[in-house]
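Every read-out reported here was derived from the displayed coordinates using simple, explicitly stated rules and does not represent laboratory data. Fair warning: this is a prediction, and the values are worked out from it, not measured in the lab. Virtual Cβ from ideal backbone geometry, glycine too; neighbours counted across all protein chains shown.
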Amino acid sequence: MKFQGFSIQLITLALGASLLAAGLATTSAYGLVKITSPAKGQHVPVGNILISGTSSSNATNHCIVSVIINGIKPYQLATSAGSKGPSDYSNWTFAATPKYSTIKEGINKITAKYSCPPNVNLTKFYSVNVTGVAAKGQPTPPTPTNPAKATGTAFPPSLPGVNPSIVNESKHSKILKGSK
């Protein structure tokens, strides 16, 4: 009885090894993607950012990594940085610039997508949330205002720099009262 169980385990093991060697098996070790920088919860400066990560891709499986920031589609292709050439996404990077999207103040969600050719039909995702913060000493851009639009007139809402001692309402009130 134990002999039969042992042969079934051997057949299963041999079949699994054959499928894995052929690239057809999808185990938990296959189809992984991870963002390694920035780290989850990290505070990062607003603006451009370099995102990097790893995946279970190699030079022969034709899988790629792409990235989105804050759900802005389409996914943008990452740059392969694996040691086996331009199709090795085992290490990858993505430079976020204003041409696509940058880190904004507050919470930002960065998502990496690992996808393989349709004949394998494998897609995995990995996301991190980071907090965009203005760099110390970095001025916050002023919000443009137009007093004419805000008040509906061409006059500003206040007159800065007017010396209140010049205008004394009580003197003017006496003149008006005495002239009647």
Task: Above-threshold pairs, the threshold being 18 Å between Cα atoms, out of Lys84/Lys109; Lys104/Lys124; Lys40/Lys104; Lys34/Lys104; Lys34/Lys109; Lys40/Lys84 - done: Lys84/Lys109; Lys104/Lys124; Lys34/Lys104; Lys40/Lys84
TODO: Determine ³J(HN,Hα), in whole Hz, for all residues of the range 61-73 in sequence, where each value follows from phi through the Karplus function 6.51 cos²θ - 1.76 cosθ + 1.60 and θ = phi - 60°; x replaces Gly and Pro.
DONE: 8, 6, 8, 10, 10, 9, 9, 10, 10, 6, x, 7, 9
Open item on the list: Give me the one-decimal nm value for the distance between modelled label points at Thr97 and Val133, 7 Å along each residue's Cα-to-Cβ direction.
Closed with: 2.8 nm
